[in-house]
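J.: Below is the structure I would like to discuss, written out as C-alpha cells.
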Amino acid sequence: CYSDNADPIINACIDLNVSWEPSLQGKPDTNGVAEGQVKQSLNGIRTATVQAGFPGITWPWVGPCYCFNRNTASPDGPGTSKYFKRHGVEFEGHRLAPGTGVFFKPAPTIRQERGGKVESTLRTCIFIDYYLGPGGRFTGHYICAPLEDFASKSLHRRVEKDQFRFHLHRVEVPKELE
C-alpha cells in the first residue's frame, strides 16, 4: 500500500498484514492516484454547488450527493457502476442533481397548510441528497428541503452559516418538477 501518513490507513495495513510505504510529504505527485480522485471530487462538488445555485457553505450536503451520483453511474452499461459492484444490484432510484425541484408527500407528522379541499397533497421542495442505510445502500428515501426555506434568500452574495438553514425531511419523491 502506498499512501499518505494517515493513521487509519496505516492501522488498516497493519491489521491486514499489508506492506505500507508512505508518500513524500508536500509532494502530491508521489500520491498521484489519490490526489487525482480528490481533485476530481472537489471540482465536481464545486460544479454541482454552482449548478444548484447554492452558496458555498452547502458543500457538506452537495458533496455526498455528487459522490453518490458518480458512484451510481454506469459508464460502460449495466453492471459497471461502483454501486453495483458493492451491492450486487443497480441503483433503482431517481438520479437527481442537488438543487432539483421535486414534489413530495409529507408525512402525517409534518404540518401542512392547504388552501382548500382540492389543493394538492404534494409539496414542492428542493432535492438535497439521498438517504442511505448501512453500507451506503439506498433506502428509497430522499432528503429534501421545502421551497419556503429558500424564499427571501439572496444566494448571489456570500451567505454566512447562521443565515442559511434547511428544514430537512426524509421523504419519498414521486415526481421531478418539469
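The values are calculated or read from the model by the stated rules, or taken from the named source; none is laboratory data. Nothing here was measured: the structure is a model prediction, and the numbers come from that model. Using ideal geometry, Cβ is built from the backbone for each residue, glycine included, and neighbour counts are taken over all protein chains shown. Areas reflect the complete protein model, heavy atoms only, side chains present, ligands, DNA and RNA absent. Shrake-Rupley method; radii C 1.70, N 1.55, O 1.52, S 1.80 Å.
J.: Provide L122, L24 ordered by accessible surface of protein heavy atoms (probe 1.4 Å), highest first. Could the numbers behind the result be given before it?
T.: Working: L122 65, L24 105 Å².
Of L122, L24, the descending order of accessible area is L24, L122.
J.: Can you list the chymotrypsin sites (Phe, Trp or Tyr not before Pro) in region 1-93 that are in a DSSP coil and have 10 or fewer other beta carbons within 10 angstrom?
T.: The qualifying sites: there are none.
J.: Separate question: Would you kindly state how much longer the chain becomes between E21 and D76 on full extension, computed as 0.36 nm times their sequence separation minus their alpha carbon distance, in nm to one decimal?
T.: 16.5 nm
J.: If you filter region 32-99 for GluC sites (Glu not before Pro), then keep DSSP loop positions with at most 15 other Cβ within 10 Å, what is left?
T.: E90, E92
J.: Using 0.36 nm per residue of separation minus the Cα-Cα distance, give me the extension gain between R46 and V33 in nm, one decimal.
T.: This chain segment gains 2.7 nm when fully extended.
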